Amino acid sequence: MENIILKRIANCLVLNVQQASITGLLEGNIGMALYIYHYAKTNNLQSYFDIADSIVDYTIEHYLKNVNRVFSSGLYGIGWAIWYMKQKGFVEISDDAFDDFETIVKQSYSSIEIEQDLKTAFPVFSKGLYCVQSGKPENLEYALNAIDEIMEYGDKMSLTSCYLNSILYVLRRIEEADCENEHLQSNKAFWYSFIKENPSIYANEDCNFYIAQQMAPSLFPQTGLSDWFNVLECGYMNWQSVLYREYINLPDLDLSGQEIMSIDEVINNASINRLSLNGITSLGLNLINRE
């Protein structure tokens, strides 16, 4: 049954990828390519590899020079995806291909960029997510410097739960690489204190709260989820469960019962803006990566 679902998701994406009006990771066709690559590798299907390659090649050739820097539909998200594909062995690409991204990373993360990130459909710390995905030590320090800029931002109460989750993830990734880094420890202390002092940020935000609980369990020791919490929507179809996967443990789905009916309904009725990582693609990746 699971193989049937994975095939349906792959075919749904292949049939609809050209209709995606947004080129990007969370909302567009680059996100869809991630699942198509995974499905092709799992089933040794060259035709699906070719489709995913064409998506990536077209995006780089036609859009890379003309998109903004935001993560969900812009440059940082595309850079994150290319690093991911390289690290998974889906594409062969030299580090020189990232020169344009690296030039931007070295620049300061300004209040203008913070505001641009906050205005997107999925507000995240775009520069930090790119930096930790690259894995380069110098980029981790650039990420910490950018967090310093966020700490000085004048309207920190405008930072959303989604944005704070991305900061928590970046801090945790850097901590794993260099736990003795004093710069990291001061940043971590600031943001843990900020979140503890402002619990209302996560009020009525079950999907983001579910992710935050697992990313930083010490921050939310005795707080539960609402009765309406839906593990399919807030877990398996939540793009954060893919980006922050190493820290997220999703409960098993019973693919022989009611849950399979829910998945069928999701696939049959998915709108074009729920095909990428904000929906069907995340569902497929979480199913295909289940251990």
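A few points about this structure:
- Residues that are without any contact (Cβ under 8 Å) to a residue 60 or more places away in the chain, within 20 Å of I5 (Cα to Cα) and polar (S, T, N, Q) within the stretch 40-58 comprise N43, N44, Q46, S47, listed in sequence order.
- Close pairs from the stretch 158-171: first farther than 15 Å from V132 by Cα, partner acidic (D, E) and not in a helix (DSSP H, G or I), Cβ under 6 Å, at least 6 apart: S161/E205
- Out of N273, N230, N238, N268, one residue alone is under 28 Å from V14 (Cα atoms), exposed (fewer than 11 other Cβ atoms within 10 Å of the Cβ) and not charged (D, E, K, R). It is N268.
- All conditions but one from (1) open to solvent by 10 Å² or more (accessible area, probe 1.4 Å); (2) of a type outside the set (S, T, N, Q); (3) modelled with pLDDT under 95; (4) part of a loop (DSSP other than H, G, I, E, B) apply to F71; the one that does not is (1).
- The conditions of being touching a residue at least 40 places away in the same chain (Cβ under 8 Å), surrounded by fewer than 16 Cβ atoms within 10 Å (Cβ to Cβ) and under 19 Å from Y76 (Cβ atoms) are not met by E141.
- Any hit, the stretch 157-167, residues being surrounded by fewer than 17 Cβ atoms within 10 Å (Cβ to Cβ) and closer than 20 Å to G79 by Cβ: no
- Being open to solvent by 60 Å² or more (accessible area, probe 1.4 Å) and either closer than 22 Å to N273 by Cβ or part of a loop (DSSP other than H, G, I, E, B) (or both) is not true of Q87.
- Some residue of the stretch 31-39 being not in a helix (DSSP H, G or I) and not acidic (D, E): no
- Between F98, F122, the distinction of being open to solvent by less than 70 Å² (accessible area, probe 1.4 Å) and in a helix (DSSP H, G or I) belongs to F98 only.
- Close contacts from the stretch 59-77, counting a first residue that is more than 14 Å from V124 (Cα to Cα) and a second that is open to solvent by 70 Å² or more (accessible area, probe 1.4 Å) and at pLDDT below 85, with Cβ to Cβ under 8 Å and a gap of 6+ residues or different chains, come to L64/D100.
- Top-ranked residue in the stretch 50-64 [being surrounded by fewer than 17 Cβ atoms within 10 Å (Cβ to Cβ) and assigned to a helix (DSSP H, G or I); ranked as modelled with the lowest pLDDT]: H62
The values are calculated or read from the model by the stated rules, or taken from the named source; none is laboratory data. Keep in mind it's a predicted model, so treat the numbers as computed, not measured. Heads up, the Cβs are rebuilt from the backbone with ideal geometry, glycines too, and the neighbour counts pull from every protein chain shown. Calculation scope for accessible area: heavy atoms of the full protein, side chains included, ligands and nucleic acids excluded. Shrake-Rupley method; radii C 1.70, N 1.55, O 1.52, S 1.80 Å.
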